[in-house]
1. One residue is enough: does the stretch 252-264 have a residue meeting the conditions within 15 Å of L193 (Cα to Cα) and among the charged types (D, E, K, R)?
2. What number goes with the only condition from (1) buried (at least 18 other Cβ atoms within 10 Å of the Cβ); (2) at pLDDT below 95; (3) under 21 Å from A125 (Cβ atoms) that R215 does not pass?
3. Hey, could you check the stretch 178-212 for residues that are of a type in the set (D, E, K, R) and surrounded by 13 or more Cβ atoms within 10 Å (Cβ to Cβ) and say which is modelled with the highest pLDDT?
4. Of the residues in the stretch 302-313, how many are assigned to a helix (DSSP H, G or I) and either of a type in the set (D, E, K, R) or touching a strand residue (DSSP E or B) at 6+ places or on another chain (Cβ under 9 Å) (or both)?
5. R316: closer than 13 Å to L194 by Cβ, out of contact with any strand residue (DSSP E or B) (no Cβ under 6 Å at 6 or more places or on another chain) and not in a strand (DSSP E or B), yes or no?
6. Within the set of pairs 6+ apart or on separate chains, which have a first residue in the stretch 104-117 that is more than 19 Å from F14 (Cα to Cα), a second that is at pLDDT 90 or above and buried (at least 16 other Cβ atoms within 10 Å of the Cβ), and C-beta atoms under 7 Å apart?
7. Only one residue in L273, L266 is outside the structural domain of S157 (by TED's automatic domain parsing) and touching a His at 6+ places or on another chain (Cβ under 7 Å), so which one is that?
8. So, L240, is that one farther than 14 Å from L193 by Cα, of a type in the set (A, V, I, L, M) and touching a residue at least 24 places away in the same chain (Cβ under 8 Å) or not?
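The values are calculated or read from the model by the stated rules, or taken from the named source; none is laboratory data. What you are looking at is a predicted structure, and each value in this text was computed from that prediction instead of being measured. Here the Cβ positions follow ideal geometry from the backbone for every residue, glycine too, while neighbour counts run over all protein chains shown.
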Amino acid sequence: MTDTSIARAPGKLFVLGEYAVLDGCPAVVAAIDRHVEVAVQRGPCGTRVRVSAPVCATADFPTSHPPAIEGPLRFVIAAFAAALSHCPEIGQHGWSLKIASTINAPDGTKIGLGSSAAVTTATVAALLAAARKEVGRDDVFAVAVGAHQVAQKGVGSGADVAASVYGGLVLFQPRGRSLPAVTPLALPSHTKLLVAWSGESAPTPDLVKHYLAARNGTAAARAAFLYASRTYVDSFVTALAQGRLSHAAIDGNGVALARLGERLRLPVVTPRLARLVAIARSHGAAAKTSGAGSGDCGIALARDATAADEIRSAWRAAGLMPLDVALDPTGVTVGRH
């Protein structure tokens, strides 16, 4: 059999709720139109799995015995192991997995757009599709969110996986040991989502570990932050239901994240990110850091295309790097050829 199953999964941006989502609070996440593509072919290599990925990463292992979940391909290995557990038929064949990405920079530099969630999602979707005729998004989400957690050693919320699976703008709500709830949202039609890279890669796993380790010794600061984050997410979602964009919710959540960083000695807002946010706000947009901070990207929500162009030009003049991205409305897709 030479049919190839190809899954494409989008990257993500946090809009609101970073860090607090790790403590069970809701978050708003956007899928963006940069993707990881995983092509899976059954049968060409006996009962072994061969993986090739960007920046010369490769793996070769027995189908029934995935290797330790570590190294640059840990998310792919975790996704394969989770798909195998969910669908034992996968273990009866050999597989070739070829991975391509437009999420990170061409040299592989991480820029904070959710490449790990996207590759996990696309790998799970492609494998399940190769083993079965139809794959539901809810199945992909359930398998991928578990695999992503394993690859991160239990650290992380799964909100980025939700964006990759379902696409668009979503409200993500953790539910303890149950699968998180994912609800679609919609921005006002005239609103433009803008993204710029700070030029600095953020050490996201280290930042998350710092937050989780520090929170127990700073109960008052943590409680205040969680209350603020939840309030801003609720305000943002309520405004969207009324066809409005809440600038106050976006900006307020950004301020709450900055204060959290100061209290926990966590470098959430770097000088370049502060400049990125200030420029966007000076042009009438709502703006904040996106994700763990300390590098990676900032976002702005502009009122129209004219304001968006002005912000991009001002970012460039300040030495920042606007990214050509838009919302991906579809989420993970699977095809064959």
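1. In the first step, residues of the stretch 252-264 are kept if they are within 15 Å of L193 (Cα to Cα); the result is none.
No, the stretch 252-264 contains no residue that is within 15 Å of L193 (Cα to Cα) and among the charged types (D, E, K, R).
2. Going through the list (1) buried (at least 18 other Cβ atoms within 10 Å of the Cβ); (2) at pLDDT below 95; (3) under 21 Å from A125 (Cβ atoms), R215 breaks only (3).
3. Restricting attention to the stretch 178-212, the residues satisfying the condition of being of a type in the set (D, E, K, R) are 192, 200, 206, 209.
After this cut, where a residue has to be surrounded by 13 or more Cβ atoms within 10 Å (Cβ to Cβ) as well, the list is 192, 200, 209.
Details: K192: 95, E200: 84, K209: 84.
Checked the stretch 178-212; the qualifying residue modelled with the highest pLDDT is K192.
4. So the answer is 8.
5. Values: closer than 13 Å to L194 by Cβ: yes; out of contact with any strand residue (DSSP E or B) (no Cβ under 6 Å at 6 or more places or on another chain): yes; not in a strand (DSSP E or B): yes.
Here the answer is yes, as R316 does meet what is asked.
6. Here the result reads none, with nothing in the stretch 104-117 linked to a residue that is at pLDDT 90 or above and buried (at least 16 other Cβ atoms within 10 Å of the Cβ).
7. Numbers: L273 fails: touching a His at 6+ places or on another chain (Cβ under 7 Å).
None of the other options fit; the residue is L266.
8. Numbers: farther than 14 Å from L193 by Cα: yes; of a type in the set (A, V, I, L, M): yes; touching a residue at least 24 places away in the same chain (Cβ under 8 Å): yes.
Considered against the rule, which asks whether it is farther than 14 Å from L193 by Cα, of a type in the set (A, V, I, L, M) and touching a residue at least 24 places away in the same chain (Cβ under 8 Å), L240 comes out as yes.
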